[in-house]
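Data block below; observations after.
The values are calculated or read from the model by the stated rules, or taken from the named source; none is laboratory data. Source: prediction; values computed, not measured. Positions of Cβ are generated from backbone atoms using ideal geometry, with glycine treated the same way; all protein chains shown enter the neighbour counts. Each accessible area value is taken on the protein alone, full model and side chains, heavy atoms only, with ligands, DNA and RNA left out. Shrake-Rupley method; radii C 1.70, N 1.55, O 1.52, S 1.80 Å.
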Amino acid sequence: MPAPSARPMEPTRHYPLFGGAFSATLPPGALDVSDLRPVPDNQEVFCHRVTDQSLVVELLELQAHVQGEEAARYHFEDVGGVQGARAMQVDSVQPLPLENLALRSFCQEAWVLSGKQQVAKDVTAHQTLLRLPRYQTDLLLTFNDPPPDNRLSLGPENLSLPPWSLGDFEQLVTSLTLHDPNIFGPR
């Protein structure tokens, strides 16, 4: 059976995530990976149609045993372990002002981490951790950005779709909006 035809999405303010429980602005050319292969129910995964870049939105169990900057590091190392990273390096961890977030009224703290993970290839990972203790949830957003020399060819036919930037990732993070708290289960 042939694979479904995935169509790139144009930037949209209210792209539904998790069955419409959330929405966010996605960058141009984002392909929903669930149209191509199975994706776990707690994840939304998008890939760039030309480069090897990807965006992941994950609903994870709140890791109450780690706080602050250490919570961001914990999730970075956990993701690296799951992906079988041979090496990991955290370059920076910074707090993200809650007033910049559409989720500010649900979020207790937010952290932005940048680092490198050596998996099949070296990848720079930019992660934002949004902590939602009211819902016992850590919401992790990841922008995987391989070095330009590891990206697929940007031939003339693909010049209309540039690689994603940190600004595109920031727009995803800040626009993420909760519409249905029932996604977190009964309270």
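Descriptive notes on the structure:
- Taken together, the residues in the range 33-59 that are open to solvent by less than 40 Å² (accessible area, probe 1.4 Å), within 22 Å of THR137 (Cβ to Cβ) and not in a loop (DSSP other than H, G, I, E, B) amount to 10.
- Among residues of the range 100-112 that are closer than 24 Å to VAL90 by Cα, those with a Cβ under 9 angstrom from a residue that is in a strand (DSSP E or B) and open to solvent by 40 Å² or more (accessible area, probe 1.4 Å), sequence gap 6+ or separate chain, pair up as GLU109/PRO95; ALA110/PRO95; TRP111/GLN94; TRP111/PRO95; VAL112/SER92; VAL112/GLN94; VAL112/PRO95.
- Subset of the range 96-142 that is of a type in the set (S, T, N, Q) and over 21 Å from ASP168 (Cβ atoms) - its residue that is least open to solvent (accessible area, probe 1.4 Å): THR137
- Residue in the range 66-89 that is more than 23 Å from LEU178 (Cα to Cα), touching a helix residue (DSSP H, G or I) at 6+ places or on another chain (Cβ under 6 Å) and not in a loop (DSSP other than H, G, I, E, B) present: yes
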